[in-house]
Amino acid sequence: MKRKHIKPLLAASLFSLAPMATIAAVTPDLAAQAAAEYRTMARYPEWSQPVSGALADPLQAGREATVQTQAGPAGAGPALSVWASDIRYSTGDTAHFYASLAERPASSVNLLAPAPRSAAGPWAVTGELVDNNGQQLAMLSYRDDGKDGDQQAGDGVYTASYVLPATHQPDLGSAKNIAIKVTAVNADQDQRVALGGFLFSQPGAQLTGEYRDRLSEGSLVVAAKVDVAVAGRYHLAGVLASALGESLSLSQNAVHLEPGSHWVDLSFYGLILREAGVSGPYTLSSVTLTTAGAMPNALGPVVTAAHVTKPYLNLQFTDKPFGRADLLDAATRLEGLVKR
């Protein structure tokens with residue numbers, strides 16, 4: 001399986017978005033800084049990047065649900081906040097949706113405007129699930145009584161649950177966006193409305209849970225076995241962590257796969273592990289397989305603590321920078337602009 005050019009998940013330098021001549025014209029110091037950053041980035045391949053142990057696991061962080069908040073008319077409180085337990089679900093999964101009402105923080109209030117009337121509860125909270133064609137999937141009733149998925153009665157967090165049905169599922173290997181319109185109404189007929197959503201995803205391939213690791217050309221390769229139902233382009237990503245749980249490196253691989261079982265490699269560039277000064281065993285702390293043939297991509301689940309490697313010594317890994325030619329060339333051109 002041939003490795004393809006892929007876009008890294010980790011953020012690239014902000015300087016990569018600016019024309020080089022513009023950078024140099026603003027200030028030579030800025031151009032020199034950009035060149036130095038390019039040279040640092042060039043030490044590692046695009047498909048394997050270091051991750052600061054102080055940062056959260058980038059794959060897991062990327063799957064955290066976003067809280068959407070909407071105040072009442074003219075900014076009146078309380079504001080309605082809505083969120084889900086995940087950003088993606090597949091057929092048969094139980095999705096949990098949450099809502100809460102709270103007064104706006106003082107920093108968001110316009111002190112020069114008349115204070116709008118703040119509405120009071122109790123509130124009846126409902127949600128309408130609608131697909132991207134406008135078809136209604138379900139109407140949900142939220143509850144705050146400690147039952148049916150609600151964790152604690154009376155804590156102000158309303159909960160609704162929904163099992164994703166096969167009747168509305170996308171085709172295998174595809175996904176569709178689902179919106180949820182949440183409405184809260186009190187006895188005075190005050191309303192608060194907020195919109196949330198998630199991805200209804202039916203990946204065309206699945207991780208089997210089988211992994212193996214090896215040392216190859218000074219780097220650590222962790223291979224994952226996948227079962228493919230639909231031919232297409234797939235994107236495998238994983239994070240390697242130390243035995244203490246510190247994230248070390250993110251690796252990615254994009255491949256075209258035919259139906260059947262396949263082993264797909266994740267190569268963690270050796271210099272990253274050598275510079276970290278940490279020996280194995282290492283943990284594949286998170287891994288996910290995405291079906292990437294169409295938009296939106298069909299996201300697979302993020303599997304955590306997937307595999308523990310053999311006890312490699314960090315000195316077994318290469319001490320040679322990768323030397324990304326595109327970044328080194330960009331750095332050289334920037335340095336040339338500074339000297340003019």
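Observations, loosely collected:
- Check on Ala65, aliphatic (A, V, I, L, M), touching an Asp or Glu at 6+ places or on another chain (Cβ under 7 Å) and closer than 30 Å to Leu129 by Cα: yes
Results for (1) at pLDDT 90 or above; (2) closer than 30 Å to Leu172 by Cβ, shown as yes or no for each residue.
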{"site": "Arg43", "(1), (2)": "yes, no"}
{"site": "Ser48", "(1), (2)": "yes, no"}
{"site": "Gly53", "(1), (2)": "no, no"}
{"site": "Ala56", "(1), (2)": "no, no"}
{"site": "Thr69", "(1), (2)": "yes, no"}
{"site": "Gly77", "(1), (2)": "no, no"}
{"site": "Val82", "(1), (2)": "yes, yes"}
{"site": "Tyr89", "(1), (2)": "yes, yes"}
{"site": "Phe97", "(1), (2)": "yes, yes"}
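- Scanning the stretch 268-285 turns up one or more residues that are in contact (Cβ under 8 Å) with a residue 12 or more places away in the chain, within 21 Å of Met41 (Cα to Cα) and among the basic types (Lys, Arg).
- Meets criteria (surrounded by fewer than 16 Cβ atoms within 10 Å (Cβ to Cβ), under 27 Å from the mean Cα position of the chain (by Cα) and modelled with pLDDT under 90) for Asn132: yes
- For the stretch 34-53, the set of residues classified as farther than 19 Å from Tyr269 by Cα and free of Cβ contacts under 8 Å to residues at least 12 places away in the same chain is empty.
The values are calculated or read from the model by the stated rules, or taken from the named source; none is laboratory data. Computed from a predicted structure; not experimentally measured. So basically every Cβ, Gly included, is an ideal-geometry build from the backbone, and we count neighbours across all protein chains shown.
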